[in-house]
Structure formats: C-alpha cells, structure tokens
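Okay, so here's the structure we're looking at.
The values are calculated or read from the model by the stated rules, or taken from the named source; none is laboratory data. Because the structure is predicted, anything quoted here is derived from the model rather than measured. Positions of Cβ are backbone-derived with ideal geometry, glycine not excepted, and every protein chain shown enters the neighbour counts.
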Amino acid sequence: MPLISLQQLKDFIHIKESYADTLLQDIIDGEMATVERMINQPLEETQETEYHDGEDDNTLLLKYGLVTAITSVKIDWDGDGTFEDELTEHEDYEWYDNGQIVLKSTVFPEGLKNIEVKYTHGYSFSTVSATNLPTDQGFQVFKDRPSFVAGGGYSGLDSVVLNTGPDGSGDTKTEGTDYTIMEHTGQVVALEAGSITDGDTLYVDGVKIRLTLVDTPESNEAGYREAAMFTRSICPVGSTALVDEDDGQTQKSYGRTIAVVYCGKHNLNKELLDSGHAEIYKRFCSVSEFSNEAWAYSYCRP
C-alpha cells in the first residue's frame, strides 16, 4: 500500500476526472521508491527469511529494522540444513524493533548459515479516525496500533476506529489493549533519538533527556558500557522517540529534561530496570508522577 492513495491525492488537489490517473499514480510510486532508497529498505510491511552465521554470541542483528513480528528463529546444529531446533520467544529470546534478537541464557552456535530467521518488517498503513480528538493532537500508526500523542489538558477520547476495509469500514479499538494514550499533563512530543551519552541520558532533537527514576552506572563503574549499549539497542540513533516529561520533576536536572522515553513498543525506563542495567532511583519515588505506574511501582515501594 502506498503512502497515499490515488483517490486521496485526487481529493487533495480537487481532481475528479480520470485523465491524469496514470501520471498521478506514477508520481506516488516514484516518491515511495525514493523514500525506500533513502532508508535502504521497503516501507510497506514485508516478510523476510534470512540465514545468519552463528558466532558464539547471544546477539544477532537482522538486515532490516522496523521489525513488527518474528515468525520463527531456528538453529541447524549438525549442518545438514534441516533447522530442527526452533526457539521460543520470551522463553529463549527477545527481539527489538531495530532488528536485534537477544538470546536469554545461551549463545548462537558457531557455524555457516546455521541460523534461520523469518520475520516481518515495515509499516502497515491504515487510516485512523477518532471522536473528541482535539485538532492540535495526532496519531502515530505503527504495526496497526495507533499511539495517541497528547499534550497538556487532554480530556479523553470517546472512541478510536482503525479503518482497514476498502469501503472505509473499520474496527473499534479498546484502550489499553489495542492502543495507548499518553495522558500525562507534561508535554508529549514525537522526536528523533539522537546521541546517547550513557545508559540513562540521551539527546532527542538536541534536547538532553535524563531518564526519570532510573540510575545506570557512571563511566568509571562496572556495567557502564553494557547499559549504554542496551539503551542504543532500544532507541537507536535516528529512531522515533516519544518523550513524556515527569510532571513531578519539571525543575530540570543540570539543564536536562527528566522524562520517560518510549521507542517503538518499548518504555526505555522500564526496559533498563527489568534488564538489570539500571537500579531504581528511590530518592525520587516520592516526587515522580510515574512512581505509581505499574512499571515503576514494584521498584519504588519500600
């Protein structure tokens, strides 16, 4: 599916006749191809099968990012091409939107093309409509999951409908299950992840962000490099990030904005804590607006 349909373009430029349909479609196809060349991968959701060499490491990086699903990860132990051992997601491995697959308790065995991965990547384009949606707010649609980006004073949505049918019909989605509403009063903005200084500090569109409630090792402490690399794996430079400032700490910290950062489907603050790369910053649990949220509560409670 293209970034814009022929009919949407015709409606936008107020053309009802069909005499220019071929030209307009060529323009649409050409622009989409240009974008794909710029990012060196297809935009439209695509299925891939890749074969990788095992290197006695627990991490594997797929060719493409924007991963939406891992269908299977299989290992050929004896080199006969049968790939008889299929790994189980969450139990054996975790995967990330940037194309990284990380084994939990073992390593990929050494071998030539002895790892088979089938996965899906790219955007699945859909239109989203909502009622009671302020005109200055918007949706991000990724993996058919609308992510609402809201600023201060947000009062709620009556409904969200993901329109996928050719006749404009669609499914009404359920909050919390099918979509997420960022409804904290601090401003939530869609930004681009920039350079990462350590595990709990990164730049987003030139703004220095200090992750709220998490504390990773300093440069002279054990685990510093691992924490910084983990943050880069969740929020690679150039990826899209959602920054939600902590309303309980708007006074900044050495000029840094204190916030929760979301990259793809991941809450970076939560991932750092759950992975053991960070500890809870308990001295701020009493003031942070996020301390009672599920991802932080178990760490903040006495």
task = Might you let me know whether the range 253-261 holds any residue that is in contact with a helix residue (DSSP H, G or I) (Cβ under 6 Å, 6 or more places away or on another chain), assigned by TED's automatic domain parsing to the domain that holds TRP295, in a loop (DSSP other than H, G, I, E, B) and modelled with pLDDT of 85 or more?
result = no
request  = State the number of residues belonging to the range 224-239 that are modelled with pLDDT under 80 and among the β-branched types (Val, Ile, Thr).
outcome  = 1
note = Among the residues of the range 76-99, the number that are surrounded by fewer than 19 Cβ atoms within 10 Å (Cβ to Cβ) and either under 16 Å from GLU55 (Cα atoms) or over 20 Å from the mean Cα position of the chain (by Cα) (or both) is 13
